[in-house]
Amino acid sequence: MEIFDDDRSIPLKEGLDLADLQDPTKGAVFELDQEEIPKGDECETKNNYFNKHDVYDNILKYDEEVFAAMDDGREPFEVMQNSMEDISGDGGVFKKVLRPGAGPVVPRNSLVRVHYNAYKEGEEEPFDSSRLRTEVDKFHLFRDSRVLGFHVAVSTMKKGEISRFLFKPTYFYGAMGCGQRIPPNCTALFDIELLSFVENNGVEDYYSKTEEERRLMPFEEIAKVAKAERLEGNERYNQNTFGKALSSYKKALRILEDCHLKNEEEEKECIRQQIRVNLNIAQCLLNLNDYPRVIMHCNKVLHHETHDDPEKFFSKANFRKAKAFQQQGRFDEAEKFYFRARRTNPSCKEIGEALKKLEQQKRKYQLDEKEICLRMFRGLRSTDAEEETQSEIKQNEENITEEFVNSVKNAVRRFVNNGDETEMLFPNVQLTPGEVECILEIAVDEGLAVQRRGTGNSVRIALMKKTKR
């Protein structure tokens with residue numbers, strides 16, 4: 001899966017013998033493959049330069065005990081180690097929790113997102129920092145390329161935790177160091193914050209299996225893989241990468257739709273997970289303005305409305321379906337599904353706010369439609385007359401009789417209720433701008449379309465029923 005984007009590998013012309021590389025008496029000689037190195041800005045090392053103001057905020061701060069020990073000639077990392085726990089068991093990685101996290105410890109092979117600052121002994125400024133790069137570091141625990149100490153450290157953390165670690169050389173860059181930045185036998189201090197993680201156990205195994213092998217997998221294992229894909233989609237959604245999130249959600253949905261179920265209990269659980277994924281897909285598609293497919297995935301959820309799942313799922317499906325209709329200008333359908341959403345979740349303020357906005361949008365649409373129609377029919381009394389001004393229209397509106405308004409309303413309603421008629425023409429008589437305005441307002445309120453028919457003295461108003469989509 002394409003999850004980890006930070007490719008920090010260096011292309012070489014020939015491979016290295018790891019035994020020689022680790023042997024301090026031998027070492028290794030290597031040559032870069034120049035044809036594989038990106039040109040221009042992509043070659044620059046982003047770690048070397050940080051904004052000086054940001055650096056100040058990330059300076060390593062010592063407590064009084066460390067400062068006192070330094071005055072006695074002791075090294076600061078040595079003093080700090082005394083209050084830390086040996087988590088590697090061999091004195092290679094030490095830990096001190098600065099802010100506890102919550103929930104379970106991150107499982108092995110999970111995709112983790114962390115922020116960190118890294119310091120060398122005797123230096124207050126970080127030599128490496130995801131915070132100063134403003135880039136969250138993402139990697140698979142014990143799979144992606146990181147120093148061993150980093151994997152060991154993060155594998156002991158919980159979500160939201162901030163901890164301080166000391167990596168001894170055997171868990172860092174060893175006797176060789178790393179270029180000019182990391183000297184040989186360097187001990188490093190890392191402040192790490194675990195932002196989030198997605199458990200990926202079994203995902204790689206699932207995709208390596210044949211279709212027959214997947215069919216024989218227990219549903220419990222398949223459900224874990226689908227959940228991992230869904231949670232990865234959530235991570236991507238929270239980063240506003242909606243296209244990538246959609247890709248993860250679709251993988252989860254395919255896994256669930258293709259699995260072979262053995263009993264009614266497994267079927268119920270599979271449907272429950274499909275409901276969650278379809279809702280997530282619908283939300284992604286809303287952000288991507290793909291409204292027809294929003295409606296399609298909401299319908300997949302609503303198809304299971306009799307399923308014994310919390311009603312909030314179906315309220316969400318109705319709500320997102322309503323939003324899709326609203327964005328398409330299909331206000332009547334939007335209103336219907338907003339009301340359905342409110343029926344299953346009456347205390348939701350978001351639904352009430354959405355209905356208010358829908359009513360405002362409908363009214364604005366009607367006024368805009370009426371204004372367009374009015375402009376079409378201005379000058380209807382005389383084809384040679386100039387366009388009536390707004391003040392003249394207002395004056396004519398005040399002179400409209402109640403009898404005229406009622407007669408138009410009755411005629412229009414009879415037309416609306418008559419299933420056989422699709423068009424209504426007003427008589428070829430001279431109408432004032434106010435009377436035209438009255439007809440148009442009544443027509444728009446009834447959801448009718450308006451056209452101008454004819455030319456010269458034979459211009460007439462045509463009302464038509466809109467085709468339902």
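Computed from the coordinates by the stated procedures, all read-outs in this text should not be read as laboratory data. All values reported here derive from a predicted model rather than from experimental measurement. So basically every Cβ, Gly included, is an ideal-geometry build from the backbone, and we count neighbours across all protein chains shown.
Observations
- The Cβ shell under 10 Å around residue 100 holds other residues with a net charge of +1, Lys and Arg each +1, Asp and Glu each -1.
- Sorted on the mean count of surrounding Cβ atoms within 10 Å across their residues, most packed first, peptides 414-422, 146-154, 330-338 read 146-154, 330-338, 414-422.
- Vicinal HN-Hα couplings computed from phi for region 245-258 (Karplus, 6.51 cos²θ - 1.76 cosθ + 1.60; Hz; Gly/Pro x): 4, 4, 4, 5, 5, 5, 4, 4, 5, 5, 4, 6, 6, 8
- Taking a ≥ b ≥ c as the square roots of the eigenvalues of the alpha carbon gyration tensor, region 130-223 is prolate, as a/c is not under 1.5 and a/b beats b/c.
- Highest-first arrangement of 402-409, 439-446, where packing means the average Cβ count within 10 Å: 439-446, 402-409
- Taken one residue at a time, the phi angles of region 288-303 give Karplus couplings (6.51, -1.76, 1.60, θ = phi - 60°) of 9, 6, 9, 5, x, 6, 4, 4, 4, 6, 5, 5, 5, 5, 5, 4 Hz. Gly and Pro are set to x.
- Backbone geometry of region 93-102 corresponds, through the Karplus equation with coefficients 6.51, -1.76 and 1.60 at θ = phi - 60°, to 3J(HN,Hα) couplings of 9, 10, 9, 9, 6, 9, 8, x, x, 9 Hz, x marking Gly and Pro.
- Modelled this way, with points 7 Å down the Cα-to-C-beta line, the labels at residue 299 and residue 62 are 6.9 nm from one another.
- Alpha-carbon Rg/Rh ratio, for region 66-165, with Rh computed the Kirkwood way: 0.98
- Relative to the current alpha-carbon distance between residue 422 and residue 85, full extension at 0.36 nm per residue lengthens the span by 113.1 nm.
- In this label model, residue 365 and residue 410 are separated by 3.2 nm, measuring between points 7 Å along each Cα→Cβ vector.
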